[in-house]
Structures are given as structure tokens and as C-alpha cells.
Amino acid sequence: MEVGIFGLGRFGSFWSASLAHSFSVRAYDIDSGRPTPEGVRKTDLAGLAECDTIFLCVTIRSMPEVLRLLSGVLKTGTLVVDTCSVKIEPARWMAEILPEGIDILATHPMFGPESAKNGMEGLPLMMEPIRCDKERTAFWTKVFSDFGISVVRMSCDRHDREAAYSQALTHFVGRSLHRVGLTDTDIATRWYKNLHAVVRQCVRDAPSLFEDMQRYNPYAAEMRRRVMLAFHDTIEDVEQRPFQRTQADLDEGGVAPVNSVQGAD
């Protein structure tokens, strides 16, 4: 079986190299100057269309254009698999643009080159067959499982509802904290260091990934609204509401002890 990769960005390069351990892999990128990983054969669009299964490792915003490019050259029976970070819109685009004879599998590997640098054991991959029979779905489920990946079957709608918080929220906070400008300090707590790690990971990804997961996930706007309301309420707690002593404070003689907060690790 020959597997094709459309897109040789950070994830496409990583994914093509990973699949090359088990399959003959061809890769195509609109930017012909992008390097091809070892074990992967560079090809043109016509050569890519000869592959049995094609993974789309492209930005969400470019999906309609990519699908239109492929729709005129794919052979009947080809399986097209997307890897987008949102699912409702890409699944709809694939179903609308690709011809009826093309199989479709929606996936989202919930990892990338950085988080999988020590292997993919236990890392989750969301999957929903859009236009794909049980046999083919089972085949790719086994392939992913053999890599150590934890395959999670769920609808595209459920994915986007949950990913609005599990992923889009993380990137929203990470990008915002990057603008704050967190500094290193010799007295950094473990949790402060964890915040630094979140910021570093989020800004390592292309800005288009952040923008697209916020714009194309229909549940992300509500997530951002709730986050901003929560920040507003927290600021009110600090700045506007009167200080209220707890019963524990009263038990200590009516004055809150200076060491009443313990374990700031």
C-alpha cells in the first residue's frame, strides 16, 4: 500500500516520517522547496493521487482549496484522511467537495512533533468515519494502535465542543501569557514553570494554527466569552468585594495569621 501526504509543514514532515516505518510514503507540498524526510519520496500532485490513502496535513483555512485541487485527480476508492485541529467544518468540506467515490475519514492526532518526540505511546487520536466502511476504518484503527496511539472514536461535533476547552483554551491562555511577558526567576514555583512550558509550546506553533482553531471551531467563541467573564469576576473578587474573614481566622483570635497560606509550590 502506498500512502500519500499532502503538506510538509511541521506536522506533515513528522507524520510522513512516522508512517514511512510501515508504508511506502509519497509526499507533496505546494512549496516545492520544502525538504522531504528520510524514507519519504517527494512527488507531484498526479503522483500523490495514485496513492491508496492520502493524509491532508495542511492548515484548516487551506482545506477547501486543497480539496478542490484533489477532487479532479483522485481515483475512485481513494481514502482521504484529514488531520485538522477542528472537525465540523473540515468534515463538511470533505463531504461536499470530494466526489462520491472517495472515502473520507476525519481524524485529529492530539499530538505533534514535540509531544511525540519520545514516541506516540498512549497519545490520543480522535477519529470519525465520514464516508468509510467498517473494514477500512478497522484497518487504520489497528495501524494507529500499533504505533501505541490511543484511538478515540467520537463525533466531530463532540470533538469541537470538548476541544474548545482542552485545546483552544490552552492556546488562548498560552498566547495571552506570551503577551504578558513571563520572566524567569530563581523563586519560580513548579506551577509557574508549567505556565512557561505552556507558553513555549503554544508560540512554537504557527500563528495560523491558533487563529484557525479559534475561528473555525464553532464553540470557541463561547469559551473565550466565559474565560473573559471569569477573569472579570476574579478581578472583582480582588479589587471590589469587601474582605471577609473566615471562621478559621476568627478561631485564631480574630486576625488572619501571616502564615495562613501554606505550600505555595
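Each reported figure results from applying straightforward, stated rules to the coordinates on display, with no laboratory input. Keep in mind it's a predicted model, so treat the numbers as computed, not measured. Glycine also receives a Cβ, built like all others from the backbone with ideal geometry; neighbour counts cover every protein chain displayed.
Can you work out the Karplus-derived ³J(HN,Hα) for every residue in the range 62-69? Use 6.51 cos²θ - 1.76 cosθ + 1.60 with θ = phi - 60°, whole Hz, and x for glycine or proline.
Each residue of the range 62-69 in turn: 8, 4, x, 5, 4, 5, 5, 4 Hz.
So if I place +1 on the C-beta of Lys and Arg and -1 on the C-beta of Asp and Glu, and nothing else carries charge, what would the dipole magnitude of the chain be about its Cα centre? I want it in debye, nearest 20.
Taking the Cα centre of the chain as origin, the dipole is about 380 debye.
If you keep only loop residues by DSSP, which GluC sites (Glu not before Pro) in the range 70-139 have at most 16 other Cβ atoms within 10 Å of their Cβ?
Passing both the DSSP loop test and the Cβ count: 100, 114, 121.
If the chain between residue 195 and residue 166 were fully stretched, how many nm would it gain, using 0.36 nm times the residue separation less the Cα-Cα distance?
Answer, rounded to one decimal: 8.9 nm.
Taking the chain as a Gaussian network, Cα atoms linked when under 10 Å apart, which of 146, 133, 233 shows the biggest mean-square fluctuation?
233
Can you classify the range 2-154 as rounded, prolate or oblate using the Cα gyration tensor, where a ≥ b ≥ c are the square roots of its eigenvalues, rounded means a/c under 1.5, and otherwise it's prolate if a/b beats b/c and oblate if not?
Rounded shape, in that the Cα axes give a/c under 1.5.
What dipole magnitude, in Debye to the nearest 20, does the range 104-197 give about its Cα centre under +1 on Lys/Arg Cβ and -1 on Asp/Glu Cβ?
120 debye
Spelling out what I want: for every residue of the range 39-46, take phi, set θ = phi - 60°, compute 6.51 cos²θ - 1.76 cosθ + 1.60 (Karplus), and round to whole Hz; glycine and proline get x.
Running phi through 6.51 cos²θ - 1.76 cosθ + 1.60 with θ = phi - 60° gives x, 10, 9, 6, 9, 9, 4, 5 Hz.
GNM, the chain, Cα, under 10 Å: largest mean-square fluctuation among 70, 177, 19?
So, out of 70, 177, 19, the one fluctuating most is 177.
Classify the chain as rounded, prolate or oblate from the Cα gyration tensor: take a ≥ b ≥ c as the square roots of its eigenvalues, call it rounded if a/c is under 1.5, otherwise prolate when a/b beats b/c and oblate if not.
Prolate, because a/c is 1.5 or more and a/b exceeds b/c.
Can you give the FRET efficiency to the nearest 0.05 for residue 52 and residue 235, using r as the Cβ-Cβ distance and R₀ = 45 Å?
My answer for the efficiency is 0.20.
Please list 3J(HN,Hα) in residue order for the range 226-234, calculated via the Karplus relation 6.51 cos²θ - 1.76 cosθ + 1.60 where θ = phi - 60°; whole Hz, with x for glycine and proline.
Per-residue couplings from phi come out as 5, 5, 5, 5, 5, 4, 4, 5, 5 Hz.
Can you tell me, using C-alpha contacts under 8 Å and at least 6 residues apart, the relative contact order of the range 1-112 as a whole percent?
Computed over the range 1-112, the figure is 25 percent.
Sequence-distant or interchain residues sharing an amide H contact under 5 Å with residue 151, placed H: which?
125
Would you list 205, 82 from fewest to most Cβ contacts within 10 Å?
Ascending number of Cβ neighbours within 10 Å: 205, 82.
Along the charge dipole of the chain, pointing to its positive end and built from +1/-1 on Cβ of Lys, Arg, Asp and Glu, which listed residue (30, 137, 216) has its Cα farthest out?
Farthest towards the positive pole: 30.
Projected onto the charge dipole of the chain (+1 at Lys/Arg Cβ, -1 at Asp/Glu Cβ, origin at the Cα centre), which of 119, 170, 4 gives the Cα projection farthest towards the positive end?
Going by the charge dipole, the pick is 4.
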